[in-house]
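A short worksheet on the structure shown next.
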Amino acid sequence: MPYDPDAEQRREYHVSPRYLAGSSGVGDPGFAPVGHWPHHHLDDGPCQLIVTSPDHRIRIRWFGDDYNLWKITAAADAASPPEWTATFNQNIPPEIVAGLTAALAHDWDAESDRFLVRPTSKYWADSVRPLAEAGWKQAATERGTVKISSPDKQAGAWIDTRHYGRDDETMMLWAGPPGYLSRAEAVFTSGTPAHLVAATAAAMADPAPVTRERHMIHRQVAHLVRLTPVEAPVPAESCAPTPLDVRRTAVSAAVQRASRDPRAAARVHAARIRTSAPSARTTPAATSQPPDSLPSGARTPTRHRR
């Protein structure tokens, strides 16, 4: 078969590390954990979809055509300003966004405020504990900030431990080379609960690959990822029985009955003959008379093998 470059670009691969896989072009994996929450589709404006918790305290906004693709907020009530905001740009794999949305789906309850608990700068390490457990290392940086890098140096976290207002961005998870189309970023304001940032970080450090078509991998990261082809499923062979299978099954059942009823033995013997392979049957002509009784001149002369 001739090589088809277009078909190769559409071929699916398992991509690792996942934080370099980029966007899949759809937000489905990120919305999956909150698929049971109310969905509000918008026709006008940059925001195309809002998914809210049943009480509207949590809002997940999808800007399908913007650089900052996701904006997730949480508030004390439906009418109050957000206590914290998380923003994900167009290059973030939605499987990483799913780390946060799954944690929110787990936290939400009409009587719970767990998703609003403010972190303290003293315990910033709780936010990035999954990265440390995955072998990411802290690096030297300016006073009042913390820098953490992945083993391949292609992803990391940046934390500002100085005191800021509620709306100030104090933590960022990033991956990929600098560039509009290659750098993935997730940014959190100072009020984001530590366990929610940690859930996002855990999804980022997850060693499990994600699936992408070849053309979705940006050329600046293509040499930094491992691609394993997704094999097409092998169609299962038909399990429908053949007519001979049906007959043999019937014979087997008859044999079992015959073992309990001797009078059925003759019928069973006849059935076995009918369902046996033709080459194994004995024809009447071959058993009607011995070779010596053939008429004179009808015998086949004996042939010697070489």
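Since every read-out is calculated from the coordinates, none of them should be taken as a lab result. Remember, predicted model here, so these are calculated numbers, not experimental data. Note: ideal-geometry Cβ built from the backbone for every residue, glycine included; neighbour counts use all protein chains shown.
Report the extension gain between Thr145 and Thr242 in nm, rounded to one decimal, defined as 0.36 nm multiplied by the number of residues separating them, less their alpha carbon distance. Please report the intermediate quantities before stating the final value.
Working: separation 97, 0.36 × 97 = 34.92 nm, distance 7.28 nm.
My answer for the length gained is 27.6 nm.
The distance linking segment 1-72 with segment 122-181 is 24 Å (Cα centroid to Cα centroid, whole angstrom).
Once the C-beta distance of Thr249 and Ala134 is scaled by a Förster radius of 45 Å, the resulting FRET efficiency is 0.20 to the nearest 0.05.
To the nearest 0.05, what FRET efficiency results for His56 and Arg219 with a Förster distance of 45 Å applied to their C-beta separation? The calculated FRET efficiency here is 0.60. Here's the picture: a label point sits 7 Å out from the Cα of Asp109 along the beta-carbon direction, and within segment 36-56 the residues with their amide nitrogen under 16 Å of it are 54-55.
Mind checking the full-extension length gain between Tyr180 and Ala75? Use 0.36 nm per residue of separation minus the Cα-Cα distance, one decimal, nm. Could you put the intermediate results ahead of the total?
Values: separation 105, 0.36 × 105 = 37.80 nm, distance 3.07 nm.
Stretched fully, the Tyr180-Ala75 segment lengthens by 34.7 nm.
Taking the inverse of the mean reciprocal distance over all distinct Cα pairs, the Kirkwood hydrodynamic radius of segment 1-89 comes to 15.4 Å.
May I ask you to derive the FRET efficiency for Glu231 and Asp6 from their Cβ-Cβ distance with R0 = 22 Å, giving the value to the nearest 0.05? Kindly include the intermediate steps, with their values, before the conclusion.
Details: r = 20 Å, r/R0 = 0.91.
Approximately 0.65, to the nearest 0.05.
Per the Kirkwood formula applied to alpha carbons, segment 58-125 shows a radius of gyration over Rh ratio, Rg over Rh, of 0.99.
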